[in-house]
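Worksheet for the structure shown next.
Only the coordinates and a few stated rules stand behind these numbers; no lab work does. From a predicted model like this one, the values you see are computed outputs, not experimental measurements. For neighbour counting, all protein chains shown are included, and Cβ atoms are generated from backbone atoms with ideal geometry for every residue, glycine included.
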Number of protein chains: 2
Amino acid sequence: MHYQPRPEDVRFLLNAVLDAPSRLNALAPFAEVDQALQSQVLEEAARFVGEVVAPINREGDEVGCRFDEGDVIAPPGFRAAYQGFVDGGWPALSAATEDGGQGLPAVLEAVLYEWLAAANHGFTMAPALLHGAYACLKHHASEELKQRYLQKIATGEWLATMCLTEAHAGSDLGQVRTRAEQQVDGSLRVSGGKIFISGGEHDLTPNIVHLVLCRLPDAPAGPKGLSLVLVPKLLPDGTRNAVHCERIEEKMGLHSSPTCSMRFDDATGWLVGEPGHGLAAMFVMMNSARLHVALQGIGLLDTAWQKADAYASERRQMRAPGPVPASRGNEPADLIAEHPAIRRILDTQRAWIDGARTLAYRSALMLDVAVHDADPKARERAQRWCAMVTPVLKAVCTQQAFHGASECLQVFGGHGYVREWGIEQVVRDARVTMIYEGTNEIQAIDLLVRKVLPDGGAAMSAVLLELRDTLDASREADADVQRRLAQLRYMGTTVAMAAHANPVLPYEVADDYLRVVALAMMAWAWARIEAADEAVATDGPGRAMRARAAAAFRRWVLPEFEMRLGIVKRACETVALTHSAAAVQPRGVAQ
Amino acid sequence: MHYQPRPEDVRFLLNAVLDAPSRLNALAPFAEVDQALQSQVLEEAARFVGEVVAPINREGDEVGCRFDEGDVIAPPGFRAAYQGFVDGGWPALSAATEDGGQGLPAVLEAVLYEWLAAANHGFTMAPALLHGAYACLKHHASEELKQRYLQKIATGEWLATMCLTEAHAGSDLGQVRTRAEQQVDGSLRVSGGKIFISGGEHDLTPNIVHLVLCRLPDAPAGPKGLSLVLVPKLLPDGTRNAVHCERIEEKMGLHSSPTCSMRFDDATGWLVGEPGHGLAAMFVMMNSARLHVALQGIGLLDTAWQKADAYASERRQMRAPGPVPASRGNEPADLIAEHPAIRRILDTQRAWIDGARTLAYRSALMLDVAVHDADPKARERAQRWCAMVTPVLKAVCTQQAFHGASECLQVFGGHGYVREWGIEQVVRDARVTMIYEGTNEIQAIDLLVRKVLPDGGAAMSAVLLELRDTLDASREADADVQRRLAQLRYMGTTVAMAAHANPVLPYEVADDYLRVVALAMMAWAWARIEAADEAVATDGPGRAMRARAAAAFRRWVLPEFEMRLGIVKRACETVALTHSAAAVQPRGVAQ
């Protein structure tokens, strides 16, 4: 079966839980983007994704990309689907209208990309980098470069890449060695090798625009010596630039997206932004790019869930314990969906999907608010939310995509392990999301070491208070979340103090800290979803599914909150003990 | 890099922790199997595995098995390696000497199979089923069948299969439809289709002996109507029997082991055991087979760990936080092994490997005791241990193989996702171990519903008391384990009471119950390992590694114990509340 987006589930979260339509309407550029238009965009997106993108997923995995003497040939159907994507105006959904875009909110684009990844992760990789390249050029490129490239990229007519990684420089970009030398005509000559370049070469678009992190002569060592250079595959005069794909990687999954080793041999390029500010120019799109990876995780988990749910509703094995299920009829065995172990898997993954969606869509809304709100304080709050929540979502949604997809595979028993059912592809594809766009370990360090601790936890505390203020303490579930948010704020202070005594500690507990934050936020999301379901009070399969998911969340997922909190606390206590012991020791020795 | 067994690590666990040599010497058949002989067997096994089996693993994954009009061709090097395996006497390690075996203890065979799986999971699948087939025929086959097949199987000259699963009957063997009809000459004619048959066809041995679960005419419906029939590929007169491989599955991993769909068209066979006792005849080898899957899990995790450990000791990225590590030298970046996030992954997986090894080797020892001890009480105790601990180890070791291998993949960053490094193969291969030989969900139900609850937790309690008595309460770590074992015994009673009120409850918390048991037993293992390291008091890399792993276990792994305990407790409390409410309600209503 192919993935089929279910706009009604998403609409409930956007409208009833997040009040997205009226929040967006309050932003000047989206004054006209009413609920009906938003719904219409989602319906169209669901149709395109379900009818065009999903059906070519399986063959994309099996055939994969083909490397042929420097050329890369996309799997069957990919060229036509991508052309349809461009023709439908999908790449330019949130780009400014003056650049050829549709000027729609980031939150609608977020939903589109979640569904794309669910339907066909490999296909999604092609346009996924456009948005970063667009934002990067929009903010940092010269007028001349913008004239030449901005609209082509906004509309997806040309695709783009991010050339960061080198064989010896993965997470550590400061070690980048690719060189760029200034020419008299203002251009640069770029030389070096880059690896792991998604879409470095392909036949989907005539031109490919590479944004290359490199080092100018006399640049200082480390990350401050890096500059960003635009290197097109085809030069403005139509001739081939000296940038070539040397090979594509054989990977665990994501076979329909070519991962290229690129060679730059005195290739012609132009500086984007100031020399030495390459990282800053790339980091402009960091929150958006990381949020999109989180959305890929959510989409991949949803596709795994759809497959497992469908299988569990057809496959019969053994009698389920307890009262006779209505589905039994005269069958000698019950649906596996009636077995508690399978029910638990399905409801737990559903809890992750809709909880994470709520947080991710809220973050996408905040991307819109951060740019378009008339109130600078509101923009600042939105920016703060994105800074704090994006690494959390990137890490937990991708972690859950892989582990949850594996749980969904388990629903199939032995059939899950064979390719035929497509579920094992989801597991293989999902695995990379835990690595790219900053490994999940780096997200955790980004959150705790770079964002929470520098101001002693103040900004995170403000985000948590903001969440607290949306809750209704008279509701039991809400009061429970408030308690957790308070514990989390207290924990922030504890870690900050312990970090003074032992600066290594935050690196040791960063993963646990991130999980505690994620679980508290998921609890917030589920409290809000339940409140919305009560308020809207329409019965239906969506509501029943959410009620089961909410119960599964409290029963099986949330207990990890206390466990992680305990791990962090004990680590801090150990530091406190060691520290006071150390403070006493030297005096004892000196006497 | 290829997997290389490290006998010294295993020897420490067998000798210093488990006192295996003297325990084995106390059993009559192993009176001569002294520590020197055991060491020698392990050294030879390590050499064979490292030199012959490990080097063909990668090509086995890439080339895979080839299906050619009913024939199956093993990947390059597999035939020669298997011949070497047979010539070395390895398949017959624990088979009785009168059957052509070496009569060595099951525990040495356990270590051999752990290493084999670590080196080459696909290769290991071929001989892995021999032991079950051997035990099954030894206990249940007629003298004539034994004459014909027992020695061939014991020595591995012919390989064997277990033909259980049918398309509609996976976990639910009661639904098996393959028919067998009695012939006048005493043979049977078998007809039907079986799927997921590992090694159903191949070119490693001239003959293949299938043990087929089928239904005789007039057999009752359900599992009690099943009989076991031996169906050889070649009949005693050398002609081909009517059993054929129709296709092999395309799988997520394990490409070098053919997973066959088999067709029996009036194939000739002979009954093994009594009609209608087919399941009983197969279940004779259940504990041993499941323990072997647990050992595969341990081996796969160890191979992932070896790869990650080697990579982390070479790859440099960024500065590690904290004091300057000795390994820094003049390098611009530190070894990733010095980064806390990577250190945590490596030490945590090491904790799982050596803790699980201790429990698995103890179980293998108990298999020997259960058969060979002169004292019937000791045999009974050993049997009880195996019954309780085997499902626990099957589930947690395979779960950890997949999840821990994925953690090890993460150590490689983007390089982990490409095939080149071999780590992604471990993740793909490991995934199947959570499914076959009874899914992990079925292990949990087997433990709680079928083994713990029927006697109100008495047998499990006895196993836990046995563990408690090995501990020294004056040691802090041991006292901590004793507390946990007591909590676990109490929890058993709680669940048994709650199950009376709600018979579905045990199915809902079976996974959590199994994890609590596993974590308490792991804590026991680590307390014993640490005590042994203190007692032996030899410094070295092994001891340092174990000390880090012990700390990681307490810090990152063991906290799950309280979390799972809490989940089970709350579920039982909810039942108690509902139950007392229900008990009150009817009277209220009646009045």
Quiz item: Among bridges DSSP assigns within the range B:155-229, what percent are antiparallel (round to 5)?
Solution: 60
Self-check item: Relative compactness, the range A:488-569, computed as alpha-carbon Rg over 2.2 N^0.38 Å
Solution: 1.43
Practice problem: Fewest Cβ neighbours within 10 Å first, please rank A:398, A:470, A:494 accordingly. | Solution: A:470, A:494, A:398
Practice problem: On a C-alpha basis, how far is the centre of the range A:1-16 from the centre of the range A:476-538 in Å? Whole number, if you could? | Solution: 27
Self-check item: Amide H within-cut-off set for residue B:207, under 5 Å, with H built and near neighbours excluded
Solution: B:159
Practice problem: Determine the dipole magnitude for the protein assembly as shown: charges of +1 sit on the beta-carbon of Lys and Arg, -1 on that of Asp and Glu, nothing else is charged, the reference point is the Cα centre, and the result goes in debye to the nearest 20. | Solution: 2320
Quiz item: If you take the Cα Rg of the range A:1-83 and divide it by 2.2 N^0.38 Å, with N the number of residues, what do you get?
Solution: 1.53
Practice problem: Could you give me the radius of gyration and the Dmax of the range A:324-373, taking only the C-alpha atoms into account and expressing both in angstrom? | Solution: 19.4, 61
Quiz item: Binned at 5 Å from 0, what are the whole-percent values of the Cα-Cα distance distribution for the range A:206-251, short to long?
Solution: 5, 17, 19, 17, 16, 16, 8, 1
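Quick one: compute a quarter of the convex hull surface over the Cα atoms of the range B:227-374 and quote it in nm². Kindly include the intermediate steps, with their values, before the conclusion.
Numbers: hull surface 64.3 nm².
Over every viewing direction, the Cα hull of the range B:227-374 projects on average to 16.1 nm².
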Quiz prompt | Amide H partners (placed H, <5 Å) of residue B:212, local residues excluded | solution = B:163, B:229, B:230, B:231
Quiz prompt | Residues with amide H under 5 Å from that of residue B:268, placed H, sequence gap 5 or more | solution = B:190, B:242
Quiz item: Which distances, in nm and shortest first, link the residue A:280 label point to the same label point in every other copy, taking 7 Å along Cα→Cβ?
Solution: 8.1
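For chain B, what relative contact order do you get, as a whole percent, if you take Cα pairs closer than 8 Å and at least 6 residues apart? Write down the numbers at each step before the final one.
Values: 1034 pairs, mean separation 75.3, N = 591.
Answer for chain B is 13 percent.
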Quiz item: Along the range A:369-376, what does the Karplus equation 6.51 cos²θ - 1.76 cosθ + 1.60 (θ = phi - 60°) give for ³J(HN,Hα), rounded to whole Hz, x for Gly and Pro?
Solution: 4, 4, 9, 10, 5, 6, 8, x
Quiz item: Counting Lys and Arg as +1 and Asp and Glu as -1, each charge on the Cβ, what is the dipole of the range B:439-578 about the Cα centre in debye, to the nearest 20?
Solution: 140
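In this model, which of A:152/A:194; A:251/B:251; A:394/A:451; A:146/A:377 are farther than 20 Å apart at the alpha-carbon? Each step should come with its number before you reach the end.
Working: A:152/A:194 24 Å; A:251/B:251 15 Å; A:394/A:451 15 Å; A:146/A:377 31 Å.
Table pairs above 20 Å Cα-Cα are A:152/A:194; A:146/A:377.
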Practice problem: Please report how far the C-alpha centroid of the range A:172-242 lies from that of the range A:32-84, rounded to the nearest whole angstrom. | Solution: 28
Quiz item: When the Karplus curve 6.51 cos²θ - 1.76 cosθ + 1.60 is applied with θ = phi - 60°, which whole-Hz ³J(HN,Hα) does each residue of the range B:470-475 get, with x for Gly and Pro?
Solution: 8, 9, 10, 4, 7, 8
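Starting with the fewest neighbours, write out A:198, A:313, A:39 ranked by other beta-carbon atoms found within 10 Å of each beta-carbon. Let's see the in-between values first.
Details: A:198 20, A:313 13, A:39 16.
The order, fewest Cβ neighbours first, is A:313, A:39, A:198.
How long are the three semi-axes of the equivalent ellipsoid for the range A:414-499, computed from the Cα gyration tensor as the root of 5 times each eigenvalue, in whole Å, largest first?
Numbers: eigenvalues 257, 95, 20 Å².
Whole-Å semi-axes of the equivalent ellipsoid: 36, 22, 10.
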Quiz item: Per residue and in cubic angstrom, what volume does the convex hull of the Cα atoms of the range B:449-498 have?
Solution: 57
Quiz prompt | Karplus-derived HN-Hα couplings along the range A:298-304 (A = 6.51, B = -1.76, C = 1.60, θ = phi - 60°), whole Hz, x at Gly and Pro | solution = 4, x, 5, 5, 5, 5, 4
Self-check item: Rounded to 5, percent antiparallel among DSSP beta bridges of the protein assembly as shown
Solution: 85
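Exactly which chymotrypsin sites (Phe, Trp or Tyr not before Pro) in the range A:170-276 are in a DSSP loop and have at most 14 other Cβ atoms within 10 Å? Don't skip to the answer; put the middle values down first.
Details: sites: A:196, A:264, A:270; in loops: none.
Answer in residue order: no site qualifies.
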Practice problem: Starting from the Cα coordinates of the range B:439-578, work out the convex hull volume and express it per residue in Å³. | Solution: 108
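Based on a Kirkwood Rh over C-alpha pairs, give the Stokes-Einstein translational diffusion coefficient of chain A at 37 °C and viscosity 0.692 mPa s in µm²/s. Working shown, then result.
Working: Rh = 25.2 Å.
Translational diffusion coefficient: 130 µm²/s.
Per the Kirkwood definition applied to all pairs of different Cα atoms, how many angstroms is the hydrodynamic radius of the protein assembly as shown? Display every interim value, and only then the final one.
Details: mean 1/r = 0.0315 Å⁻¹.
For the protein assembly as shown, inverting the mean 1/r across all distinct Cα pairs yields 31.7 Å.
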Exercise. Obtain the nm distance between the two label points defined at residue B:314 and residue B:570 by a simple spin-label model: each point lies 7 Å from its Cα along the Cα-to-C-beta direction.
Key: 4.6
Quiz prompt | Lys, Arg +1 and Asp, Glu -1 on Cβ, resulting dipole of the range B:140-276 about Cα centre, debye, nearest 20 | solution = 140
Practice problem: Report relative contact order for the range B:7-136 in percent, whole number only (criteria: Cα-Cα under 8 Å, sequence separation at least 6). | Solution: 22
Exercise. Determine the distance separating the Cα centre of the range A:541-576 from the Cα centre of the range B:315-392; give it in Å without decimals.
Key: 27
Practice problem: Quick one: P(r) of the range A:351-484 from all Cα-Cα pairs, 10 Å bins, percents rounded to integers, in order of increasing distance. | Solution: 11, 30, 33, 18, 8, 1
Exercise. Could you pull the Cα extents of the range A:168-239 along its three principal axes, largest to smallest, in whole Å?
Key: 36, 32, 14
Quiz item: What is the pair-distance distribution P(r) of the range B:140-276, computed from all Cα-Cα distances in 10 Å bins starting at 0, with each bin given as a whole percent?
Solution: 13, 44, 34, 8, 0
Quiz item: From largest to smallest, what semi-axes in whole angstrom does the range B:285-438 give when each is the square root of 5 times an eigenvalue of its alpha carbon gyration tensor?
Solution: 38, 17, 10
Practice problem: For the protein assembly as shown, build the charge dipole from Cβ charges (+1 Lys, Arg; -1 Asp, Glu) around the Cα centre, then report which of B:97, A:294, A:501 sits farthest towards its positive end. | Solution: A:501
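Considering Cα pairs under 8 angstrom that are at least six residues apart, work out the relative contact order of the range B:439-578 and quote it in whole percent.
Across the range B:439-578, relative contact order equals 32 percent.
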Quiz item: What number, rounded to the nearest 500 deg cm²/dmol, is the helix-based mean residue ellipticity at 222 nm of chain B, given -39500 (n - 2.57) per DSSP H run of at least four residues and division by all its residues?
Solution: -18000 deg cm²/dmol
